[in-house]
Amino acid sequence: MGLSQTLLVYALVCVHLGVSQHYLRLRPSPSDNLPVPDLKEDPDPEYDPREQDLAERTLRKKLGSNFDPNFMSISSPMLVNLSAADNQVKLQGPMPNEIKKLDLTETPYGKRVKVGKKARRKFLQWLWTYTHCPVVYTWKDLGVRFWPRYIKEGNCFSERSCSFPEGMSCKPVKSINKIFLRWYCQGFLRQKYCTWIQVQYPIISECKCSC
């Protein structure tokens, strides 16, 4: 499922919830914009799960194998996030082919320039580091109406341009879906019925330097 389709499915679930739950507006609208923006909730605590609805054993069983401790946490996690510098230095995987295959010996005017192997290797490594777009992860509190409550969300590094010369920026190109439980209420106040349902939450998994 593509990024747009994933967000469309998520948005449809959110719209359905919004119609059923008093004043609840759950977006995002279908788009390629990630991470998911903060969801607007009805502040009325009547629509919050009660203590007996938050039994960990029951909820773990309901979520089953979808529970991923690498991206979700029941209790408030330590907010230790990778710095931009760490993300830039720790390049993941092999050097991209578009960089590896660059011909540094030929100029736009047809004149050839002699470049030694060592100089070429160092320049390509610098170019890869400069244009690398790390995913910077941070923990986000989704609120009591999600379980698990905390999600490790990805963001594309955006403190500077990733191109040389400047002009391009890091943008998401891939995402993964994580299944969470969402507290879902139908009806109003004393006549309402609430339960936990499964919803997909897209998380940025890869960023790329682009226009």
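Computed from the coordinates by the stated procedures, all read-outs in this text should not be read as laboratory data. Note that the structure is predicted; figures quoted are calculated from it, not measured. Cβ sites come from the backbone with ideal geometry, for glycine too, and all protein chains shown count toward neighbours.
Observations
- Electrostatic tally near Asp48: other residues with Cβ closer than 11 Å to its Cβ, Lys and Arg +1, Asp and Glu -1, net -4.
- Positive-end residue, segment 105-180 charge dipole about Cα centroid, Cβ charges, pick of Trp147, Phe123, Phe164: Phe123
- Debye-sum result for segment 126-211 in log10 I(q)/I(0), which assumes one identical scatterer on each alpha carbon, at q = 0.12, 0.26 Å⁻¹: -0.52, -1.17
- Candidate lysines - alpha carbon under 20 Å from Lys100, same-chain residues fewer than 8 apart omitted: Lys90, Lys114, Lys117, Lys118, Lys122, Lys208
- Computed from label points 7 Å out along Cα-Cβ, the spacing between Leu54 and Asn66 is 2.0 nm.
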